[in-house]
Amino acid sequence: EKGGYEHYMRKEIHEQPRAVRQALSGRIDELAGTVDLDLSLSEEYCRSLDEIQIVACGTSYYAGLYAAGLLEEYADVRVSVHIASEYEFKGNRDPWRTLVVAVTQSGETADTLRALRKAAGSGARTLAVTNTVGSTVTREVDDTVYIRAGPEIGVAASKTFVSQVTTLTLVTVYLGQQRDALSSNERASILEELSAVPSAIQQVLDAEPTVQREAKAFADSESFFFIGRRLGHPVALEGALKLKEISYEHAEGFAGGELKHGPLALVTEDTPVIAVLTDETNASETLHNVKEVESRGAPVIGVTSDDDPNAVFDTTFDVPSIGLMEPVVGNVYLQLFAYHVAKEKGRDIDKPRNLAKSVTVE
Ligand code: F6R
């Protein structure tokens, strides 16, 4: 049932072009620039909306951070993203004008459900973005949008992250449309970029031998750092989480600009730095950070769509130039990197120690 793959995780990584197509299927009219998600949110409600609060854990939280960047910019709405176990619905906000979005692959995560109940109890509208039909979360919210990734067996989330980001991008365009924050041309162009994601991911998957080679070369490093800005920041955080979960190696993700405020002290020749420098990630600023770590001797892998990376990187993982969604496509390299480091180390990739696929305790 692993379809010839050694691990579910690798199978699921390779399923991503199809997963993204499924998330988009029947929901978009690319020419008209419209999105239909079958939601019960009225245009009046969407327009009156003052804030979106996203609640989630782990990888889903990083998908939420990615979405926040899009929503702020394209749906013209204030967004806050909360680690579900830290969420308090602040009474000083206007609950009737707050939409609380729970992002949860399983739909069963206790911390996320608890946050959602708090919000709903205060009178906020709620929306679930989930993979699991009929899960607990879907029974408790006002609206659900399924990410349609298909079952994910590997404990570490891979395809569901990309599908969550895809689906949340649809939610962004939908709200941009309802709130009149985006013209139909602007919406059409985002949808066009979104439609380019499956084949861009396929190109990344085709480059797997390069990733495997680098993973082998660096597998015994002391520590791994991931840096990125803007939409590259949640991707860096997610890349580090994936690596630590399945390889048990120490990895940290940082906003590129934060390096010099502390983490730089840890950078040595034995700490490879993986830098996300695609569109929408303030790549030129991140380039300064790359130079900072290189001058301390750290090897740098650039995840980049720049055709001319002027040889600053020791290695590049090339991301096809598709604009807005490049960072999430770049994330696929980080999934493959984590997978191959873990494989090199002989880890139990589909069932990492101490972890469960759905965390139903608080
Ligand atoms: C990471 C991972 C976890 C989950 C988190 C939330 O690979 O799988 O961090 O993302 O436990 O789970 P869901 O999305 O089911 O609420």
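Worth pointing out:
- Boolean, GLU258 is open to solvent by 60 Å² or more (accessible area, probe 1.4 Å) and modelled with pLDDT of 95 or more: yes
- Qualifying residue in the range 71-87 (condition: touching a residue at least 40 places away in the same chain (Cβ under 8 Å), within 16 Å of the ligand (Cβ to nearest atom) and touching a Gly at 6+ places or on another chain (Cβ under 8 Å)): no
- Subset tally (residues that are away from the ligand (no atom under 12 Å from the Cβ) and not hydrophobic (A, V, I, L, M, F, W, C)) for the range 130-178: 19
- Selected residue (criterion: nearest to the ligand (Cβ to nearest atom)) from residues of the range 111-129 that are open to solvent by 40 Å² or more (accessible area, probe 1.4 Å) and over 10 Å from VAL101 (Cα atoms): ARG114
- Condition check for ALA217: small (Gly, Ala, Ser), more than 24 Å from the chain's Cα centre (by Cα), closer than 26 Å to HIS340 by Cα and open to solvent by 10 Å² or more (accessible area, probe 1.4 Å): yes
- For the range 279-321, the set of residues classified as of a type in the set (A, V, I, L, M), assigned to a loop (DSSP other than H, G, I, E, B) and open to solvent by 30 Å² or more (accessible area, probe 1.4 Å) consists of ALA311 only.
- Residue that is out of contact with any Ser or Thr (no Cβ under 8 Å at 6 or more places or on another chain) and of a type outside the set (Val, Ile, Thr), where the choices are ALA157, ALA120, ALA124, ALA188: ALA188
- Summed over the range 322-351, the residues that are of a type outside the set (Gly, Ala, Ser), modelled with pLDDT of 95 or more, within 23 Å of VAL155 (Cβ to Cβ) and open to solvent by less than 40 Å² (accessible area, probe 1.4 Å) give a count of 11.
- Subset of the range 12-38 (residues that are among the polar types (S, T, N, Q), open to solvent by 10 Å² or more (accessible area, probe 1.4 Å) and not in a strand (DSSP E or B)): GLN22, SER25
- Selected residue (only one of THR138, THR172, THR210 is within 18 Å of GLY107 (Cα to Cα) and either among the β-branched types (Val, Ile, Thr) or touching a Cys at 6+ places or on another chain (Cβ under 8 Å) (or both)): THR138
The values are calculated or read from the model by the stated rules, or taken from the named source; none is laboratory data. From a predicted model like this one, the values you see are computed outputs, not experimental measurements. No Cβ is skipped: glycine too gets one built from the backbone with ideal geometry, and neighbour counts run over all protein chains shown. Accessible surface areas use protein heavy atoms only, side chains included; no ligands, DNA or RNA. Shrake-Rupley method; radii C 1.70, N 1.55, O 1.52, S 1.80 Å.
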